[in-house]
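So the structure is just underneath, and the comments pick up after that.
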Amino acid sequence: MIKGEVVGLRALEREDLKLLRDWRNIPAFRRNFREYRELNLENQLKWFDSLHNSAQNNFMFVIERLSDKEPLGACGLLYINWIIRAADFSFYIGYNESYIDDEGYAKEATKLLLDYGFKALNLNKIWMELYEFDQKKLDFFIDKCGFKKDGRLRDNCFEDGRYWDSYIISLTRKDLQK
């Protein structure tokens, strides 16, 4: 387990899949994910198996409150490209349907995962794609975590009967040294 002061990141287990499925199926969450359909347990099992079949390129964790081992959310570094040392950052707080919480769990869990990516895995860039209507995550990761907007993909998502842009945001090793 990767431990902070209040939260820790532990490896995702098969037993966690029902909870992750339930969180990912919250309509307000699902609209922000690339996987737009309602997920069943079979979908989760196939996803879990695919993670393990490419374990050297995917690191997925459950965010857990240290005081009582309560699962709070999920996060990961996925699709790692070891040549350019870059990873896709996956993150949400499912606890109390927070998405990104105000209690500080998200901030500490983000720091733990970034530290793991940059220090333990020696990554150079950690990035994510966020839809323009996902203002909560855009504000959190840009304003509170130092991510930068790399670019905009026009009309890259269809939601609520219209097309939306998405943003690629990232944090690099150089950004942390500033």
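Take residues that are within 27 Å of Lys136 (Cα to Cα) and in contact (Cβ under 8 Å) with a residue 40 or more places away in the chain and tell me which of the helices (runs of 4 or more DSSP H) falling wholly in the range 1-94 contain 1 or more.
Working: elements: 17-24, 27-30, 41-53.
Here the list reads 17-24, 27-30.
Can you spot a residue in the range 153-175 that is buried (at least 19 other Cβ atoms within 10 Å of the Cβ), in a loop (DSSP other than H, G, I, E, B) and at pLDDT below 95? Scanning the range 153-175 turns up no residue that is buried (at least 19 other Cβ atoms within 10 Å of the Cβ), in a loop (DSSP other than H, G, I, E, B) and at pLDDT below 95.
I need the full set of residues from the range 116-136 which are in contact (Cβ under 8 Å) with a residue 60 or more places away in the chain and not in a loop (DSSP other than H, G, I, E, B), in order please. Of everything in the range 116-136, those that are in contact (Cβ under 8 Å) with a residue 60 or more places away in the chain and not in a loop (DSSP other than H, G, I, E, B) turn out to be Tyr116, Glu129, Leu130, Tyr131.
Residues of the range 115-136 that are touching an Asp or Glu at 6+ places or on another chain (Cβ under 9 Å) and over 21 Å from Arg173 (Cβ atoms): Tyr131, Glu132, Phe133. Looking for whichever is without any contact (Cβ under 8 Å) to a residue 12 or more places away in the chain, farther than 23 Å from Asp175 by Cα, surrounded by fewer than 16 Cβ atoms within 10 Å (Cβ to Cβ) and among the acidic types (Asp, Glu) here; the options are Asp143, Asp139, Asp102. Which one fits? The match here is Asp102.
If a residue has to be out of contact with any Phe, Trp or Tyr (no Cβ under 7 Å at 6 or more places or on another chain), on the phi < 0 side of the Ramachandran plot and of a type outside the set (Gly, Ala, Ser) to count, how many in the range 114-128 make the cut?
The number of residues fulfilling the criteria is 9.
Considered as a group, the residues in the range 1-51 that are touching a Lys or Arg at 6+ places or on another chain (Cβ under 7 Å) and hydrophobic (A, V, I, L, M, F, W, C) include one that is farthest from Asp160 (Cα to Cα), and that residue is Met1.
The values are calculated or read from the model by the stated rules, or taken from the named source; none is laboratory data. Because the structure is predicted, anything quoted here is derived from the model rather than measured. For neighbour counting, all protein chains shown are included, and Cβ atoms are generated from backbone atoms with ideal geometry for every residue, glycine included.
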